[in-house]
Amino acid sequence: MVKKKRVLLLLGGTLALFLSLAGTVYASNDSISFKFTVSPWQQNGKAAGGRYRQTTHPENPWKVKLNSSSEGSGTITRFWLEDASANNVSTSVDATQGLGPYYTNALTTASQKTVWLTGENNNYNGVTYSVAGVWDEETWN
């Protein structure tokens, strides 16, 4: 009888461990496409669709790669992450078209919330242009 209880306890513990791991989502270094318009006079442009940043580690970097810019080859656009209230929740990075990807840290206020890739012209001028590339809200595996 004692042996049967031990086997049942072991099976129950194994099942509980399996079920707890089955619901866990692990971050990975993905490449999510984006395309949006950068407005004049450093007004913010934003990628459609936020992504949930599940980590509690601000040092878990986010990334951006600027594949194309109608401003021209080798031009720079400034990117950062924002939350649903349009608060900046990361440091910014100046990404050069055709280079990268660029990785930078988020702020603690980016933990366990949906964030949006946001960008602006690195020059204060009246130019409007489109940008496209890939990004990821967190990159640790």
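The values are calculated or read from the model by the stated rules, or taken from the named source; none is laboratory data. This one's a predicted model, so the numbers in the text were calculated from it and none came from an experiment. Heads up, the Cβs are rebuilt from the backbone with ideal geometry, glycines too, and the neighbour counts pull from every protein chain shown. The accessibility values were calculated without ligands, DNA or RNA, using every heavy atom of the protein model including side chains. Shrake-Rupley method; radii C 1.70, N 1.55, O 1.52, S 1.80 Å.
Residues in the stretch 50-89 that are open to solvent by less than 60 Å² (accessible area, probe 1.4 Å), free of Cβ contacts under 8 Å to residues at least 40 places away in the same chain and not β-branched (Val, Ile, Thr): GLY72, GLY74, TRP80, GLU82, ASP83.
For the stretch 25-40, the candidate set comprises residues that are at pLDDT 95 or above and assigned to a loop (DSSP other than H, G, I, E, B); within that set, the residue that is surrounded by the most Cβ atoms within 10 Å (Cβ to Cβ) is SER39. Taking the stretch 110-141 on its own, how many of its residues are under 16 Å from ARG78 (Cα atoms), of a type in the set (A, V, I, L, M, F, W, C) and open to solvent by 40 Å² or more (accessible area, probe 1.4 Å)? Residues in the stretch 110-141 being under 16 Å from ARG78 (Cα atoms), of a type in the set (A, V, I, L, M, F, W, C) and open to solvent by 40 Å² or more (accessible area, probe 1.4 Å): 2 in total.
In the condition set (1) at pLDDT 95 or above; (2) out of contact with any helix residue (DSSP H, G or I) (no Cβ under 8 Å at 6 or more places or on another chain); (3) within 20 Å of THR139 (Cα to Cα), GLY74 is compliant with all but (3). GLN43 satisfies every condition listed in (1) in a loop (DSSP other than H, G, I, E, B); (2) within 23 Å of ALA86 (Cβ to Cβ); (3) at pLDDT 95 or above; (4) open to solvent by less than 60 Å² (accessible area, probe 1.4 Å) except (4).
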